[in-house]
Amino acid sequence: IYVELGFSPDNLATLTISGSDTAYGKEADAIRLDRELAERLNGVPGVESAALTSNLPVSFNGNTDWLRFEGKPYHGEHNESLERDISPGYFKTLGAKLRSGRGFTPDDDAKHPKVAIINKTLARKYFPGEDPVGKRVGNLDLKPDSMKTIVGVVDDFREGPLDEEIWPAIYYPIYQSPDNYLEAAVRTKGSAEAMLPELTAAVRSIDHAQVAIDEIGRAHV
């Protein structure tokens with residue numbers, strides 16, 4: 001049975017990386033680690049594109065947010081959506097297509113307004129017949145510090161298992177919600193498997209004592 005992924009697994013390496021809480025537990029330090037990882041991985045010869053995420057695709061339908069949409073009727077519904085934190089270039093690295101609006105940039109950080117990108121399923125469910133770009137989304141209380149402006153819509157791709165339906169998904173800039181435990185997706189120009197030693201070395205060159213690689217491999221779908 002053929003299942004549409006919505007992205008290309010060819011020549012795609014994946015890494016699971018953790019920075020110690022001692023060195024990278026604070027938000028500013030986690031942002032520094034995230035930026036350094038993205039820079040080092042993109043700088044490896046033979047890498048076409050590299051980006052970070054809180055959860056790699058085709059993993060599980062979990063890590064969700066309950067959302068409320070500014071200006072829309074609300075009666076206490078739990079509008080549940082997958083929540084993922086990603087770095088700039090993530091959709092390009094996967095080969096997922098941005099349908100409208102823009103992707104994230106390095107400037108989407110704590111110094112700038114909070115933004116989000118949604119998938120086509122979320123757009124179709126909560127903004128039928130509308131352009132969601134420019135609309136705002138927040139938590140169930142619409143608290144000011146939860147509000148984010150939708151800046152883009154990305155085509156659906158499978159975040160969860162192949163035998164489950166595609167869920168609504170919302171993506172936040174990793175530099176606005178940093179973490180010291182994250183995943184990396186790396187698109188290589190040649191064999192992803194052959195690049196694994198170089199990718200491992202790039203990560204370990206950052207801070208060998210405080211940054212660990214928990215898993216490394218290539219995408220198997």
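Assorted remarks:
- For Met195: the one exception among (1) open to solvent by 40 Å² or more (accessible area, probe 1.4 Å); (2) farther than 30 Å from Tyr74 by Cα; (3) among the hydrophobic types (A, V, I, L, M, F, W, C): (1)
- Helices (runs of 4 or more DSSP H) contained entirely in segment 1-118, each with at least 3 residues that are in contact with a Ser or Thr (Cβ under 8 Å, 6 or more places away or on another chain): 27-42, 90-94
- Checked against the criterion of being touching a Leu at 6+ places or on another chain (Cβ under 9 Å), crowded, with 19+ Cβ neighbours inside 10 Å and within 30 Å of Tyr2 (Cα to Cα), the candidates Val137, Val186, Val203, Val211 yield just one match: Val186.
- Boolean, Ala51 is within 14 Å of the chain's Cα centre (by Cα), touching a residue at least 12 places away in the same chain (Cβ under 8 Å), within 24 Å of Ile206 (Cα to Cα) and buried (at least 21 other Cβ atoms within 10 Å of the Cβ): yes
- Residue that is farthest from Pro88 (Cα to Cα), among those in segment 102-124 that are surrounded by fewer than 22 Cβ atoms within 10 Å (Cβ to Cβ) and in contact with an Asp or Glu (Cβ under 6 Å, 6 or more places away or on another chain): Thr121
- Restricting segment 163-179 to residues that are open to solvent by less than 10 Å² (accessible area, probe 1.4 Å) and among the β-branched types (Val, Ile, Thr), the residue that is nearest to the chain's Cα centre (by Cα): Ile174
The values are calculated or read from the model by the stated rules, or taken from the named source; none is laboratory data. These numbers come from a predicted model, not from an experiment. Cβ atoms come from the backbone with ideal geometry, glycine included; neighbour counts cover every protein chain shown. Accessible surface is based on the protein model in full, side chains and every heavy atom, while ligands, DNA and RNA are left aside. Shrake-Rupley method; radii C 1.70, N 1.55, O 1.52, S 1.80 Å.
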